[in-house]
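**Student:** The structure follows.
Throughout, read-outs are computed from the coordinates displayed, never taken from laboratory work. Quick caveat: nothing in here was measured; it's all calculated off a predicted structure. Positions of Cβ are generated from backbone atoms using ideal geometry, with glycine treated the same way; all protein chains shown enter the neighbour counts.
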């Protein structure tokens, strides 16, 4: 058996590692856990799991539409943001075309494009930020999709409202811009882009969101895309039947209404972000200003060589060698106790 060349050349996704006894702060999960309302909704839905789920996610899409001030036809729910990327590639990517993104960003953009035989054109980050002008130079007549993660995973950096709008004006109208906002809920910068407003201006814009982060539903795998009905309809055609399970739909619908859980999560993340940024800066440890629920910092050696040493002392963080950043780590903002433990570990790093 010999797989197709595009499959053979692909890399297997490397998730955040953890070992027994270490707190897993490597995958940007919600430190408060799932929404209590979501847990209650899951319990209520359990007696019906012998039934197939609503294949069209009618109720959930309607609630998301209300949140965005759009019709349900503007919304597509899927089995996590990962599936949305695959559906987008399935609809648009073929071996004679390409897609554009950054090198040090979410690897599933590259995966989705190469899965369908397309070529990925990537521009390195510019001091930790997306190089938007450089990405524009990579776009040509064969470019079907531009992937932009804002805030970026794994650096937590962002491009502001005016920068992003200027960029969108310069992208050809026939090229879809997939704006991945998995971490946008955590952004508190005054100039962070308003993607709801941008959707009205740019027909080629597709916004991706997830329930894995602020809503704490990573284990249920559910996300959604918002865009023009024409594009949403094409992506829906590529989806497998019943791709969003019934428990995920129930939990997501309930989580949207849990403002207390959302506010508590934001309060924790914003408080601990300020604390950890201040402490890392005091120690002279390079860290990127983050708009996400994690912080990316650099050490003077490759993180892979000391990952186990750190984990054995209680913190499992994310080494970023697979992102092309071998001397950097991504750390999910936890509670004060865990954040203080991280600092204690960093203070005691072996020479």
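**Student:** Tell me, what is the percent relative contact order of segment 43-131, built from C-alpha pairs under 8 Å that lie six or more residues apart?
**Tutor:** The value is 21 percent.
**Student:** For a footprinting-style exposure proxy, rank 169, 94 by other Cβ within 10 Å, fewest first.
**Tutor:** Working: 169 9, 94 12.
Ordered by Cβ neighbours within 10 Å, fewest first: 169, 94.
**Student:** With a cut-off of 8 Å between alpha carbons and a minimum separation of six or more residues, what is the relative contact order of the chain in percent? Numbers along the way, then the final one.
**Tutor:** On the way: 652 pairs, mean separation 88.4, N = 351.
The normalised contact order for the chain reaches 25 percent.
**Student:** Distance between Cα centroids, segment 50-76 to segment 5-21: provide it in whole Å.
**Tutor:** A separation of 32 Å, based on Cα centres.
**Student:** Specify the inter-centroid distance of segment 252-315 and segment 129-204, based on alpha-carbon positions, in whole Å.
**Tutor:** One Cα centre to the other: 23 Å.
**Student:** Quickly estimate the mean residue ellipticity at 222 nm for the chain, helices only: each DSSP H run with n ≥ 4 gives -39500 (n - 2.57), and the total goes over all residues, rounded to 500. Could the numbers behind the result be given before it?
**Tutor:** Numbers: 13 runs with 132 residues, N = 351.
One gets -11000 deg cm²/dmol as the mean residue ellipticity at 222 nm.
**Student:** If you don't mind, there's one more thing I want to ask. Find the relative contact order for segment 1-154 and round it to a whole percent, using C-alpha pairs within less than 8 Å whose residues are 6+ positions apart.
**Tutor:** 20
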